[in-house]
Amino acid sequence: MNFEIPFDNSLKETFKGSKVLITGNTGFKGSWLSAWLSKLGANCKGFSDLIPTNPSHYELIKDSLEIDQVWGDIADFNHLQKVVETFKPDFIFHLAAQPLVRKSYQDPLSTFRINTIGMLNVLESIRLSKNPIIGVLITSDKSYKNIEQIWGYKENDVLGGNDPYSGSKGSAELIINSYFKSFFKNSDEKRISVARAGNVIGGGDWSPDRIIPDAIKSWSNKKQLIIRSPNATRPWQHVLEPLSGYLRLAIELKNSKDNSGEAFNFGPQPDQNFTVSELLNSLSNMWDYSEWLDDSKSQNTFSEAGLLKLNCEKAAKILKWRAVLDFNEIISMTSSWYKNYFDVSNVQKKEIANFTFGQIDKYTKIYEDRRIK
């Protein structure tokens, strides 16, 4: 990869006119990735089963996207394989998932079906394709067996997971490893890599049981927010940070097969780990009403890790990628998106799309100024 080319130029050179299939494109990260790739001039096709939330970032911006939407179940192999066969994508970004830990306890069968069988179907569709495909397969930082080590997990650390969500993501990684070694290891035309990220925040996330959406929904209605684990530490990062890593990884795979089969962590700088309470205190400074209650002494129905941290040295060394936003910038960009949402009326959806594209432009400029060169 030529790292001397400006970041935005390398993105346009790679993706303008390319066929890109995005699974899970109606979700939080998927909708932001769809916006970014549409802006770059990619020929995008989305594959999702439903609109996961109301409100929905995808619903708010879809009229401004250059994307052909296909509705389907990622666990339905025949449907997915037919889409891959007819569309002939140059790139697949696989984000479709059941992403919530609490829901994985409530419905473990569906969680494993979507996260594990869904990954299997994507890999089998790539294997059967008669065309070259680059696949960026998104799993999770929760794929690691979490022993709360303070130096952060490296890509070769042990995978595992006690909860159904983590277990489903760890299972998906085993399937990826098997397919790569069995079918893609010596292939020039089929190149895949794994991307692990987590605790992504940003405007447009309305998922339940996530700290930012819960806070925004409570505070915008002048209601007190109840917090289960205020002292839990997470690698918070703005949604555009890991997405820039996914795009960077896709570019690298296009230019070389050297890192096909490899996994990469995408997380914030080591000094950017903050507790839930620190996150809320920073966010609360930007809202008129921002009360929250520590409910950590109540009986939780499921276990939650106290510390989760990623080591991203591999991405820095090989992809020349690193997160570039500091904590205050992350909070500011996130809060400003939601404030814009509440400031515009229902008939001004295009303004929300423009604000989303504007944040992509802003981030791209910051990334170029601060990237590894």
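Observations, loosely collected:
- Taken as Cα centroids, the stretch 55-113 and the stretch 308-323 sit 27 Å apart, rounded to the nearest whole angstrom.
- Report summary: the helix-based calculation at 222 nm, which adds -39500 (n - 2.57) for every DSSP H run with n ≥ 4 and divides by the residues of the chain, gives -12500 deg cm²/dmol.
- Only Lys, Arg, Asp and Glu carry charge here, each on its Cβ (+1 for the first two, -1 for the last two); on that basis the chain has a dipole of about 660 debye about its Cα centre.
- Average Cα contact separation per residue, the chain, under 8 Å, 6 or more apart, as relative contact order %: 18
- Its relative contact order, with pairs defined as Cα atoms under 8 Å and 6+ residues apart, puts the stretch 1-116 at 28 percent.
- Listed by chain and number, the lysines placed with their C-alpha closer than 20 angstrom to that of residue 223 are 339; residues fewer than eight positions away on the same chain are left out.
- Taking amide H as placed 1.01 Å from N in the peptide plane, residue 263 has its amide H under 5 Å from the amide H of 194, each at least 5 places away in sequence or on another chain.
- Residue 370 accessible area, 1.4 Å probe, all protein chains in place, Å² to nearest 10: 90
- ³J(HN,Hα) computed for each position of the stretch 20-31 - Karplus, 6.51 cos²θ - 1.76 cosθ + 1.60, integer Hz, glycine/proline x: 10, 9, 10, 7, x, 6, 8, x, 4, 5, x, 6
- Per residue, the stretch 70-213 exposes an accessible area of 42 Å² to a 1.4 Å probe, with every protein chain left in place.
- Applying a threshold of 19 Å to the alpha-carbon distances of 16/39; 45/257; 29/169; 145/169; 45/82 flags 45/257 as lying beyond it.
- Spin-label pair residue 372/residue 154, simplified geometry with 7 Å Cα→Cβ offset, distance in nm: 1.4
- Across the protein chains, with a 1.4 Å probe defining accessible surface, the residues 36, 287 rank 287, 36 from largest area downward.
- The chain: most fluctuating residue of 133, 176, 227 per GNM, C-alpha cutoff 10 Å: 227
- Using heavy atoms of the protein chains and a probe of 1.4 Å, the accessible area assigned to residue 362 is about 100 Å².
- Overall, the accessible surface of the chain at a probe of 1.4 angstrom is composed of carbon and sulfur to the extent of 47 percent.
- Eligible aspartates and glutamates near residue 190 by straight Cα distance, threshold 15 Å, same-chain separation 8 or greater: 85, 90, 124, 252, 258, 262
- Calculated FRET efficiency, residue 271 to residue 76, Cβ-Cβ distance, R0 = 41 Å: about 0.40 to the nearest 0.05.
- Nearest-0.05 FRET efficiency for residue 348 and residue 288, computed from C-beta distance (R0 22 Å): 0.50
- Summing Cβ point charges (Lys, Arg +1; Asp, Glu -1) relative to the Cα centre of the stretch 115-240 gives a dipole of roughly 140 debye.
- Neighbourhood charge, 12 Å Cβ-Cβ cut-off, centred on residue 260 and excluding it, Lys, Arg +1 and Asp, Glu -1: +1
- FRET efficiency estimate (nearest 0.05) - Cβ-Cβ, residue 9 to residue 313, R0 41 angstrom: 0.95
The values are calculated or read from the model by the stated rules, or taken from the named source; none is laboratory data. Just so you know, these numbers come straight off a predicted model, no measurement behind them. A quick note on method: Cβ atoms are made from the backbone with ideal geometry, for glycine too, and the neighbour counts reach across all protein chains shown. SASA here: full protein model, heavy atoms, side chains in, ligands and nucleic acids out. Shrake-Rupley method; radii C 1.70, N 1.55, O 1.52, S 1.80 Å.
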